[in-house]
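Below you'll find the structure, written out as structure tokens, and then a few comments.
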Amino acid sequence: MDDSPVMPRQLRLEYEGAIYHALSRGDRREPIFHDRSDRLLFLETLAEACQKTGWYVHAYCLMDNHFHLVVETPQPNLVAGMKWLLGTYTIRFNRRHQLSGHLFGGRYKAIVVDHASPGYFKTVCDYVHLNPARAHLLGNKQPLSTYPWSSFPGYVRPSGMRASWLSVDRLFGELGLNDDSRGRKAYAAYLEARRSEGNDEAWSNIRRGWFFGDDAVKRDLLHQRETLARMSHLGKERQECTIEKAKRIIDDELKRRGSMRKDLSRMRKGDPLKVAIARRLRQETTVTLSWIASQLCMGSWTYTSNLIKSAKSED
């Protein structure tokens, strides 16, 4: 039984360099992927989320009614990134299937993974990569690499054939492997061997609580959590960090093109410079369309959205 202190439900522990095992299920455990196109759409959305937030994805697995991610956040932005990822995929999924309403059920789960102590990070990645086998989606003689909707096939491919946001170095390093043909074959053999071993106790620890790792590290994080819980302005501060980044992008783009902030109000709403800045803000930050429209004097958020979409279609 997990004897961890009960923490406030609304608090997420976020810090630079944190690694999480994140999981989210469909509402009422209904499918969040109906076909191949849905899965590709989710991976495209995940790629955009990584571009906006700077995340590194170390492992992922897409099932029918849920997904797993092992994600590293160089900046403390798990909450903002997950909000954008889940919300944007829901909008795109609903549009594609002519639906409305919630797609994901309740709150996503995010367990902090101890990546400083040996073994824990590797175990979580194993858990994610072995998910299709545990769910009996593969026959006993089917290699794990034949399941196309996890990051494992990416691990055993040459680096040039992987998604740019998939990071294999940390896991290969923990296993003492190089990212070359020999190392990739060794990793495939290692994981196939783990498949037959099973590890019910470790799997159980991954599925419960808020932390997976060494007790000493856990105590340090508990202290951080208690400190963060007393900082009622924490959410506001994080939002301010995102907004400051967005403002810096606006100022950089204006300076590069010989314009100033005061010029924005004199330009027409659909000025190509404004559209270009808006597109960059959408690509690199999680600020809202309403915020962009207001800062760039572009009118309503819906008009701004349409301008961005039109510009993309012309590329």
Selection status of Arg219, modelled with pLDDT of 70 or more, within 14 Å of Ser117 (Cβ to Cβ) and part of a helix (DSSP H, G or I)
yes
Of all helices (runs of 4 or more DSSP H) fully inside the range 259-315, the set with 3 or more residues that are among the basic types (Lys, Arg) and either in contact with a Lys or Arg (Cβ under 8 Å, 6 or more places away or on another chain) or touching a residue at least 12 places away in the same chain (Cβ under 8 Å) (or both) is 272-284
Considering the range 292-303, residues that are touching a helix residue (DSSP H, G or I) at 6+ places or on another chain (Cβ under 8 Å) and closer than 20 Å to Lys262 by Cβ, and then whichever is surrounded by the most Cβ atoms within 10 Å (Cβ to Cβ), we arrive at Met298
Is at least one residue of the range 71-91 without any contact (Cβ under 8 Å) to a residue 24 or more places away in the chain, part of a loop (DSSP other than H, G, I, E, B) and among the small types (Gly, Ala, Ser)? no
Per the filter on the range 166-178, residues surrounded by fewer than 16 Cβ atoms within 10 Å (Cβ to Cβ) and assigned to a loop (DSSP other than H, G, I, E, B) are Leu175, Gly176, Asn178
The number of residues in the range 95-125 that are within 17 Å of Ser196 (Cα to Cα) and in contact with a Leu (Cβ under 7 Å, 6 or more places away or on another chain) is 2
Counted residues in the range 106-156 being farther than 26 Å from Ala18 by Cα, part of a loop (DSSP other than H, G, I, E, B) and among the small types (Gly, Ala, Ser) come to 2
Output for Cβ contacts, cut-off 9 Å, separation at least six or different chains, first residue at positive phi in the range 123-142, second surrounded by 22 or more Cβ atoms within 10 Å (Cβ to Cβ), reads none
Selection from the range 139-158 of residues more than 26 Å from the chain's Cα centre (by Cα) and surrounded by 14 or more Cβ atoms within 10 Å (Cβ to Cβ) yields Pro143
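The values are calculated or read from the model by the stated rules, or taken from the named source; none is laboratory data. Worth saying up front: this structure is predicted, and the values here are computed from it rather than measured. Cβ: placed from backbone, ideal geometry, glycine included. Neighbour counts: every protein chain shown.
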